[in-house]
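Asks: Got a structure for you, written out below as structure tokens; questions coming shortly.
The values are calculated or read from the model by the stated rules, or taken from the named source; none is laboratory data. Since the structure is predicted, the reported quantities are computational estimates derived from the model, not experimental observations. Cβ placement follows ideal geometry from the backbone for every residue including glycine, while neighbour counts extend to all protein chains displayed.
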Amino acid sequence: MVSDKSFASVIRANVALLRLSGVVSYRNGKIRRTNWQNILSAISYGCLFAYASLYTYEFVLHTIHLDIWMESFAMILSLVGGQARFTLVLLFRGRFQRLLTICEELWTTLNATEKRCVCDYVKSTKRLTYYYLFGCAFTIFFYAIASLFMGQHDDSSNATTRTLPYACPVQVHRTPYYEIMYTLQLSSMINVGLTCAATDTVGPVLILTVCGHFKVLNSRIMSLSDRVYSKSSSPIAVESLEIIHGVSKNRAKSDLKACVHYHQTVLEFCKEVEKLTSSIFLMQLLGSTYNVSLVGFKLAGDDPDKFKYATQLSIAIIQLFLCNWPADVLLTESQDVARAMYFTSWYRFPYQLRRSLSIITMRAQKSAQLTAGSIVPLSLQTFASMVSSAASFFTMIRSMN
């Protein structure tokens, strides 16, 4: 039953990723700081830092041709961008833990129907997380398997030497050193993929949770009309009629006050989410846009192995979508509060309640808009604009080749 679940169990996939990356230790509805959490965060950060440094070193010393430059720079953007976003999440993990606590507290105030409404929005995040994980896993294992069948030809010995799937500071070809390094690279790159997935889905989890609460608020507002007394056709004594009317009026005031408090809480939550995700989304937006251009350049080239970059392209597009689609849903749901107010039977309310509803409607018309770096408003329109910009940048690069 949904009513018996905690909020942590609803987002268990994202919580598991955050535990593995050392961001939170979240059990039994409580958040704890443990030594294991610090160890896991150090391992995740170390893997990201190592690969970012290795590809930067390879880019500076071993890049000659434009297509090699593009490939190396695309990997650097992915790894350095992932490291920067993970650094921000680690720096502000206390704030994120507080937001998780608020989510748990809001979850306990909902009834079973309202919890199912929030779950419907969170399920979208779960699906996006699985798509992201599948893209990362497919990319990692594709590179790992491809390296087993591809090698560098040595003209002096007329033999083909084995190559490692990812950048390595030393050349390793002999057994068992090659197998050891291969296993280390594969396991560390899996850690990198899980860390990036945990970092990039933090924002969507919080945003779509807020969307669920806005939906609950809209349903509560629409049910306000049922709390207001309407004249009955059956004969009732005047004294009883006045008592019923007074009780109904007080109940409507109480329900409206609860809706106002709920609305203010959700809006404050949106502000905290904006503070936490603004810089993360800016890095993700810029890095993914340029990666779409660079990887698109490789796909359009004459490289026989160009199709292995299709997975990188899909990950970059998913990252762009993760930035913009949840924010677009939040924009729509926050605007629907004013619409829900309008479609209540406000004309049956007492004068004082009608005046309060007017004030709430005016406030609700200012939608909850998330931004990237307090500069770029996030929406599906921005997603289309970024894809268009990536195509323009790709065309410019093609003309330079």
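Asks: If I ask for residues that are under 18 Å from Val24 (Cβ atoms) and surrounded by 22 or more Cβ atoms within 10 Å (Cβ to Cβ), which ones from the range 74-88 would you list? Please lay out each step first, then the result.
Replies: We begin by selecting, within the range 74-88, every residue under 18 Å from Val24 (Cβ atoms); these are 85-88.
Matches in the range 74-88: Arg85, Phe86.
Asks: Within the group Ser367, Ser356, Ser374, Ser314, which residue is of a type in the set (Ser, Thr, Tyr), outside any helix (DSSP H, G or I) and touching a residue at least 40 places away in the same chain (Cβ under 8 Å)? Talk me through it step by step, then tell me what you get.
Replies: Numbers: Ser367 fails: touching a residue at least 40 places away in the same chain (Cβ under 8 Å); Ser356 fails: outside any helix (DSSP H, G or I); Ser314 fails: outside any helix (DSSP H, G or I).
The unique qualifying residue is Ser374.
Asks: Which of the following residues is farther than 21 Å from Leu106 by Cβ and either of a type outside the set (Lys, Arg) or modelled with pLDDT of 75 or more (or both): Val337, Val266, Val295?
Replies: On the way: Val337 fails: farther than 21 Å from Leu106 by Cβ; Val266 fails: farther than 21 Å from Leu106 by Cβ.
Only one candidate passes the filter, namely Val295.
Asks: Give the residue, chosen from Thr113, Thr125, Thr109, Thr101, that is at negative phi, at pLDDT 80 or above, of a type in the set (S, T, N, Q) and buried (at least 16 other Cβ atoms within 10 Å of the Cβ). Please lay out each step first, then the result.
Replies: Numbers: Thr113 fails: buried (at least 16 other Cβ atoms within 10 Å of the Cβ); Thr109 fails: buried (at least 16 other Cβ atoms within 10 Å of the Cβ); Thr101 fails: buried (at least 16 other Cβ atoms within 10 Å of the Cβ).
From the options Thr113, Thr125, Thr109, Thr101, the qualifying one is Thr125.
Asks: Just checking, which of Gln381, Gln319, Gln369 is polar (S, T, N, Q), within 30 Å of the chain's Cα centre (by Cα) and buried (at least 21 other Cβ atoms within 10 Å of the Cβ)? Spell out the reasoning first.
Replies: Values: Gln381 fails: buried (at least 21 other Cβ atoms within 10 Å of the Cβ); Gln369 fails: buried (at least 21 other Cβ atoms within 10 Å of the Cβ).
One residue alone meets the criteria, Gln319.
Asks: Anything in the range 363-401 that is touching a Pro at 6+ places or on another chain (Cβ under 9 Å) and at pLDDT 90 or above? List them, or say none.
Replies: Leu370, Thr371, Leu378
Every residue, every condition in (1) surrounded by 24 or more Cβ atoms within 10 Å (Cβ to Cβ); (2) part of a helix (DSSP H, G or I); (3) at pLDDT below 90, yes or no:
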site	(1), (2), (3)
Val170	no, no, yes
Arg174	no, no, yes
Ser187	no, yes, no
Ile190	no, yes, no
Thr195	yes, yes, no
Gly203	yes, yes, no
Leu206	yes, yes, no
Ser219	no, yes, yes
